[in-house]
Amino acid sequence: MREQRFCVQNRDKTIKQIIEEEASAGDVFYTEITGNCRNIKVTKARWRAMYRARKELGAPYTMIGKIFNKDHTTVINAVKKIQMHNPDGNLKVIPCYSVSTKNENYV
């Protein structure tokens, strides 16, 4: 089965290539990004890859979710987090979240 390519800005890039780029940049494995790892380092790389897949390729949330083995609502949440903390689109700075005992800051 051929992977669909979306032609918003970059016709030759695929979601899998974006995942590989973010895995390399974040010093994590491709399988960690597409898996269930909840380590903050992996989670941030996953958020960035989901955001880029949506913004650079215009891929639908359901398609992105399928490739990441996640629900489409997880993708929506990741895109919103990146947009909320990086309104200018700078993906280098993503704040670290802490988990409180009352789950007030749980992400």
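The values are calculated or read from the model by the stated rules, or taken from the named source; none is laboratory data. Quick caveat, the model's predicted, so the values are computed rather than measured. Methodologically, a virtual Cβ is constructed for each residue, glycine included, from the backbone with ideal geometry; neighbour enumeration extends over all protein chains shown.
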> Which one of these is at pLDDT 95 or above, part of a loop (DSSP other than H, G, I, E, B) and within 14 Å of the chain's Cα centre (by Cα): Val42, Val28?
Replying inline: Val28
> Going through the range 29-67 one residue at a time, which ones are among the hydrophobic types (A, V, I, L, M, F, W, C) and either free of Cβ contacts under 8 Å to residues at least 40 places away in the same chain or surrounded by 23 or more Cβ atoms within 10 Å (Cβ to Cβ) (or both)?
Replying inline: Phe29, Ile33, Cys37, Val42, Ala45, Trp47, Ala49, Met50, Ala53, Leu57, Ala59, Ile64
>> Scan the range 73-86 and tell me whether some residue there is modelled with pLDDT under 95 and in a loop (DSSP other than H, G, I, E, B).
In response: yes
